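Read-outs throughout are calculated quantities, based only on the coordinates presented, and are distinct from any laboratory measurement. Given the structure is predicted, the values throughout are model-derived calculations rather than measurements. Cβ: placed from backbone, ideal geometry, glycine included. Neighbour counts: every protein chain shown.
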Amino acid sequence: MLNDAFDANCAALQQIKDAGGDVNVSQVDPDPARKVLGEWISHQRSAQKRNRLSAERITRLKALGVIWDPQDAAFDANCAALQQIKDAGGDVNVSKYDPDPARKVLGMWLSRQRQAKRKGRLSAERMTRLEALGVWWSKARTALSS
């Protein structure tokens, strides 16, 4: 019975993947079927963290593209976006008021990282990564705030 449910959920994830979608569906997805699938993925992540998910299941979920820690993945993706800006010769201290929508989202994320640092909730490893990119911890000096 449990294997049947696991297999059925993996099949649903495979359909999403085959359609070009993101298999890391959210627990708050407005679509009821996807919401249930998102809750199931969250359960699998929790089981994996507690070492209660078999190696075979971990391998199957990895092959589908399941991300084990979405917050770490988002941090990595945002750092990669900052690196692209830096590589292009731009200022990585983007503003949450930037007129470009993608940069504005990145600026809002950067603002949250600064806030987390001020509150002592940003790990030393994350601080080091951001500092290596050229992030300032004080108020960002951008064209919009100059």
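Cβ crowding within 10 Å, taken as a proxy for footprinting-reagent exposure, orders D87, D98, D76 from fewest neighbours to most as D87, D76, D98. Taking every DSSP helix (H) stretch of at least 4 residues in the chain, weighting each as -39,500 (n - 2.57) and dividing the sum by the residue count yields a mean residue ellipticity at 222 nm of -20500 deg cm²/dmol.
Each Cα pair under 8 Å and six or more residues apart adds its sequence gap; the mean of these over the residue count of the chain is a relative contact order of 16 percent.
When log10 I(q)/I(0) by the Debye sum over Cα atoms at q = 0.11, 0.16, 0.21 Å⁻¹ is calculated for this entry, the matching label among (i) -0.38, -0.79, -1.31; (ii) -0.61, -1.19, -1.36; (iii) -0.57, -0.93, -1.18 is (iii). Pairs of lysine residues in the chain that meet both criteria, 8 or more places apart or on different chains and Cα atoms under 19 Å apart, total 12. Normalised by the number of residues in region 2-64, the mean separation of alpha-carbon contacts (under 8 Å, six or more apart) gives a relative contact order of 28 percent. Of the trypsin sites (Lys or Arg not before Pro) in region 1-92, the ones in a loop by DSSP (not H, G, I, E or B) with at most 12 other beta carbons within 10 Å are R50, R52. Just to be sure I understand the model, the point goes 7 Å from the Cα along the line to the Cβ. What's the resulting A63 to A102 distance in nm? Result for the modelled spin labels: 3.3 nm. Inter-part distance, region 102-138 to region 10-65, computed on C-alpha centroids, equals 29 Å.
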